Amino acid sequence: MKKWSTAVLGLVLLSCHNEPPDKSHNTITSEDMPVHVKELLARTKQNPDSAGLRLQLVDAFDSLGAYREAMAQMDSLLQKDSLNYGLWYRNALLQENTKDTAGALRSYRYAIRIYPAPDALLAAANLLAEKKDATSLLLCKQVNALHLGRDYTAHSYFISGVYYARTGNKQKAMESFNNCLFNNLNYMEAYMEKGFLYFEDKKINEALNVFQSVVTLKNTYPDGYYWLAKCQEALHNTSEAVANYQKAVTLDPKLKEASEALKRLGVK
């Protein structure tokens with residue numbers, strides 16, 4: 001696999017130096033810890049050199065939102081094996097969950113230096129795209145040049161589209177999202193981003209058609225129904241909007257925006 005240049009790796013690191021981590025990480029007491037996690041923790045204490053057990057603990061704490069505990073386990077693993085690509089990659093994913101974008105980018109950089117795997121390259125590119133950093137385009141271009149197949153090509157075009165959308169180049173964003181969908185017709189996020197662009201431009205009928213495609217392709221996608229309803233509401237098709245807001249809430253009761261929309265429309 002083609003190696004990344006030192007210059008590009010440096011850009012990945014420099015792009016993240018000003019963003020502080022989210023300090024609102026959850027923690028967990030022994031009383032609140034599920035039994036299976038307590039047992040896993042006890043086994044790890046009995047076998048402190050077992051990387052497998054520690055990674056299981058990381059996954060368990062991560063799933064509970066106990067990020068401090070998960071990071072403590074990752075720190076222990078990385079102290080013992082700082083040249084392990086997989087550990088740096090997992091560390092970056094955990095840091096993304098804690099909203100520590102700067103830390104995640106640093107970890108992806110270390111992972112890429114050890115082994116420039118396309119998954120790490122694209123993950124870093126995705127974060128940089130959201131930060132409006134043009135380095136994301138370089139990373140996507142590099143992955144595309146590897147010719148790894150249509151799935152990776154779709155990811156690369158999607159992330160490029162996110163960069164263009166966030167930086168206001170809507171024409172290039174649309175082109176990128178269309179190229180993404182050409183390579184993967186079921187790429188829900190690309191449809192959603194296209195719909196957002198149309199909606200922002202007040203092209204409500206075009207947006208509606210996009211979100212209709214989303215729920216046709218995946219009829220269990222609550223965000224698709226929510227945005228379809230928003231379009232219908234904007235077109236004053238209130239009864240249809242209510243029905244789709246209700247579908248969104250049924251599929252995801254935690255989708256507050258849909259619940260609030262129903263209240264606004266007088267539906268209990």
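The values are calculated or read from the model by the stated rules, or taken from the named source; none is laboratory data. Only a predicted model underlies this, so the values are computations on that prediction, with no experimental measurement involved. Note: ideal-geometry Cβ built from the backbone for every residue, glycine included; neighbour counts use all protein chains shown. Please note that ligands, DNA and RNA were not included when accessible areas were found on the heavy atoms of the full protein model with its side chains. Shrake-Rupley method; radii C 1.70, N 1.55, O 1.52, S 1.80 Å.
How much of residue 69 can a 1.4 Å solvent probe reach, expressed as accessible area in Å² and rounded to 10?
Accessible surface of residue 69 is approximately 40 Å².
Over region 63-149, calculate the relative contact order: mean separation of alpha carbon pairs under 8 Å at least 6 apart, over the residue count, as a percent.
19 percent.
What ranking, highest mean first, results for peptides 192-198, 148-154 when packing means the other Cβ atoms within 10 Å averaged over each residue?
For the peptides 192-198, 148-154, the packing ranking is 192-198, 148-154.
For a Förster distance of 45 Å, can you work out the FRET efficiency between the beta-carbons of residue 49 and residue 151, rounded to the nearest 0.05?
Details: r = 37 Å, r/R0 = 0.82.
It comes to 0.75.
With a 1.4 Å probe and all protein chains left in place, how much of the accessible area of the chain comes from carbon and sulfur atoms, in whole percent?
On the chain, the fraction of accessible area on carbon and sulfur atoms equals 50 percent.
Assuming a ≥ b ≥ c are the square roots of the Cα gyration tensor eigenvalues, decide whether the chain counts as rounded (a/c under 1.5), prolate (otherwise, with a/b larger than b/c) or oblate.
It comes out oblate by the Cα gyration axes.
Sort 70-81, 256-267 by packing, meaning the average of other beta carbons within 10 Å per residue, with the highest value first.
Peptide ranking by packing, descending: 70-81, 256-267.
In region 141-158, whose amide N lies under 14 Å from the spot 7 Å out along Cα-to-Cβ of residue 218? List them in ranges.
Zone members listed by number: 155.
Can you list the HN-Hα couplings for region 225-235, worked out from phi with the Karplus curve (6.51, -1.76, 1.60; θ = phi - 60°), rounded to whole Hz and with x for Gly and Pro?
5, 4, 6, 4, 5, 4, 5, 5, 5, 5, 8
Based on the mean of other beta carbon atoms within 10 Å per residue, what is the order of 249-255, 185-191, most packed first?
Final packing ranking: 185-191, 249-255.
Considering only C-alpha atoms, what is the centroid distance from region 138-185 to region 201-231, in Å?
Centre-to-centre distance over Cα atoms comes out at 21 Å.
Rolling a 1.4 angstrom probe over the protein heavy atoms, how many square angstrom per residue are accessible across the chain?
On the way: 14230 Å² over 268 residues.
Accessible surface, normalised per residue, equals 53 Å².
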